[in-house]
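Enquirer: Right, I'll just put the structure down here and ask away after.
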Amino acid sequence: MYYEKKTRTLANTICAPPPSPFFFESNAIVPQITVVVVSSIANGQRLQSLLLAAMSDEEHHFESKADAGASKTYPQQAGTIRKNGYIVIKGRPCKVVEVSTSKTGKHGHAKCHFVGIDIFTAKKLEDIVPSSHNCDVPHVNRTDYQLIDISEDGFVSLLTDNGNTKDDLRLPTDEALLTQIKDGFADGKDLVVSVMSAMGEEQISALKDIGPK
């Protein structure tokens with residue numbers, strides 16, 4: 001029964017051989033296909049190994065995709081997310097600037113009302129989630145780099161810890177921070193910028209002035 005079940009599961013991907021004295025049709029009915037099971041023990045064991053290998057590859061591929069998708073966020077119960085924490089709202093990583101919880105009604109759970117600011121665009125976003133439900137929370141990281149150059153087209157060149165340069169970031173859009181970086185660089189100061197990253201995006205978020213060169 002175990003072997004026959006595996007054959008049915010992958011029937012759509014295995015071409016069954018034509019009937020012969022060494023094969024017999026199973027009574028399982030599968031839409032648009034007749035399941036054929038090998039009666040020879042040797043051939044049956046070989047086919048079973050192929051079936052199990054195919055299933056193992058398929059499960060591994062599924063787990064790999066799930067791990068890749070989950071690496072940018074992690075689940076957290078809505079009722080435990082506080083102000084100044086982080087949350088994903090409408091697919092965007094946000095910092096929580098306001099959170100309120102409604103009282104439990106007669107027919108339902110208490111609900112959390114989140115007001116967040118997109119950490120990259122500064123756009124205000126809101127969401128309402130039952131307090132007992134899980135929300136996606138972004139992994140937010142900050143890394144410091146020394147600023148070594150600013151190009152005419154607005155890209156910066158940053159020095160990494162291993163001595164390489166990182167040249168794929170633009171100057172920030174925040175006017176105050178942009179002015180501080182440009183003025184400090186023009187004055188010949190050693191500047192260290194803090195780069196915030198989340199959900200596949202990066203942006204300069206802060207500046208540290210470590211004095212003249």
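Enquirer: Identify all residues within the range 184-213 that are among the acidic types (Asp, Glu), farther than 19 Å from Asp167 by Cα and part of a strand (DSSP E or B); write none if there are none.
Expert: Asp209
Enquirer: So if I check each of Ile148, Ile119, which one is without any contact (Cβ under 8 Å) to a residue 24 or more places away in the chain, within 25 Å of Gly200 (Cα to Cα) and of a type in the set (A, V, I, L, M)?
Expert: The conditions single out Ile148.
Enquirer: Okay, moving on. For the range 177-200, how many residues are modelled with pLDDT under 95 and of a type in the set (Gly, Ala, Ser)?
Expert: Final tally of qualifying residues: 3.
Enquirer: If you check Leu171 against the conditions, is it touching a helix residue (DSSP H, G or I) at 6+ places or on another chain (Cβ under 9 Å), surrounded by 13 or more Cβ atoms within 10 Å (Cβ to Cβ), of a type outside the set (Ser, Thr, Tyr) and not assigned by TED's automatic domain parsing to the domain that holds Tyr86?
Expert: For Leu171, the condition - touching a helix residue (DSSP H, G or I) at 6+ places or on another chain (Cβ under 9 Å), surrounded by 13 or more Cβ atoms within 10 Å (Cβ to Cβ), of a type outside the set (Ser, Thr, Tyr) and not assigned by TED's automatic domain parsing to the domain that holds Tyr86 - is met.
Enquirer: Please list, ordered by residue number, the strands (runs of 3 or more DSSP E) wholly in the range 79-163 having 3 or more residues that are of a type in the set (Val, Ile, Thr) and either surrounded by 12 or more Cβ atoms within 10 Å (Cβ to Cβ) or under 23 Å from the mean Cα position of the chain (by Cα) (or both).
Expert: Once the strands (runs of 3 or more DSSP E) in the range 79-163 are filtered for at least 3 residues that are of a type in the set (Val, Ile, Thr) and either surrounded by 12 or more Cβ atoms within 10 Å (Cβ to Cβ) or under 23 Å from the mean Cα position of the chain (by Cα) (or both), what remains is 86-89, 92-101, 141-150.
Enquirer: Looking at (1) in contact with a Pro (Cβ under 9 Å, 6 or more places away or on another chain); (2) closer than 25 Å to Lys123 by Cβ; (3) not β-branched (Val, Ile, Thr), which is the one condition that is false for Asp187?
Expert: (2)
Enquirer: Filter the range 187-204 down to the residues that are crowded, with 17+ Cβ neighbours inside 10 Å and among the small types (Gly, Ala, Ser), then identify the one that is farthest from Leu169 (Cα to Cα).
Expert: Once the filter is applied, the top-ranked residue is Ala198.
The values are calculated or read from the model by the stated rules, or taken from the named source; none is laboratory data. These numbers come from a predicted model, not from an experiment. When we count neighbours, we look across all protein chains shown, and the Cβ atoms used for this are built from the backbone with ideal geometry, even at glycine.
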